[in-house]
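Can you read through this structure? Questions will come right after.
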Amino acid sequence: MLRGSGTIFTALLSVPLLGKEMLRHHHVGLACCLIGVGIVGSADIIDEGVDKEADIKDTILGVGLVIAGQAFEAVMLVSEEYLIKRIDMPPTHLLSLEGLWGAALSLLVIFPVMHLAPGPDNGHLNDA
């Protein structure tokens with residue numbers, strides 16, 4: 001349910017970066033989205049079954065990570081729209097560049113960090 005925050009971030013980024021105009025009904029829709037995300041996020045945190053301090057911290061971390069992920073997705077969506085419409089890039093070219101950047105990020109950043117991090121897999125978080 002926290003994925004609705006992606007709508008909020010996308011709208012907030014598309015106004016200054018893409019020059020889009022937000023009308024009154026857009027503001028009302030974003031306010032409803034914000035209220036819904038707030039209710040769902042606080043319901044996760046204030047869950048009656050949570051008794052331990054560690055569970056609350058993990059829940060807050062999880063909610064924060066989901067919202068941060070939605071912010072990154074919003075950046076991706078706005079940049080895709082910019083590249084397709086303003087630079088006139090073919091969608092298949094954009095898709096291939098996304099895959100290339102994802103593979104490069106995984107191979108050059110994520111895998112080395114996971115190998116260097118301590119963990120249960122032969123002393124590493126991931127021993128590939």
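The values are calculated or read from the model by the stated rules, or taken from the named source; none is laboratory data. Remember, it's a predicted structure, so these values are computed and weren't measured experimentally. Quick reminder, even Gly has a Cβ in these numbers, built from the backbone with ideal geometry, and neighbours come from all protein chains shown. Surface accessibility is based on the protein's heavy atoms, side chains included, excluding ligands, DNA and RNA. Shrake-Rupley method; radii C 1.70, N 1.55, O 1.52, S 1.80 Å.
Asp88 - would you say it is assigned to a loop (DSSP other than H, G, I, E, B) and touching a Ser or Thr at 6+ places or on another chain (Cβ under 8 Å)?
It is false that Asp88 is assigned to a loop (DSSP other than H, G, I, E, B) and touching a Ser or Thr at 6+ places or on another chain (Cβ under 8 Å).
Would it be correct to say that Leu108 is assigned to a helix (DSSP H, G or I), within 21 Å of Thr10 (Cα to Cα) and open to solvent by 60 Å² or more (accessible area, probe 1.4 Å)?
When the stated conditions are applied, Leu108 does not pass them.
From the residues in region 59-74 that are β-branched (Val, Ile, Thr) and touching a residue at least 24 places away in the same chain (Cβ under 8 Å), which one is least open to solvent (accessible area, probe 1.4 Å)?
Val63
So, in region 74-92, how many residues would count as being modelled with pLDDT of 90 or more and more than 16 Å from Leu18 (Cβ to Cβ)?
1
Now a separate question. Looking at Gly69, Gly62 in this structure, which one is within 25 Å of Ala11 (Cβ to Cβ), within 18 Å of the chain's Cα centre (by Cα) and at pLDDT below 90?
Selected residue: Gly62, the only one of Gly69, Gly62 that is within 25 Å of Ala11 (Cβ to Cβ), within 18 Å of the chain's Cα centre (by Cα) and at pLDDT below 90.
For region 82-95, indicate whether the set of residues that are of a type in the set (Asp, Glu) and surrounded by 13 or more Cβ atoms within 10 Å (Cβ to Cβ) is non-empty.
Looking for residues that are of a type in the set (Asp, Glu) and surrounded by 13 or more Cβ atoms within 10 Å (Cβ to Cβ), one finds none in region 82-95, hence no.
For residues that are outside any helix (DSSP H, G or I) and exposed (fewer than 11 other Cβ atoms within 10 Å of the Cβ), scanning just region 11-58, find the one that is modelled with the lowest pLDDT.
Glu48
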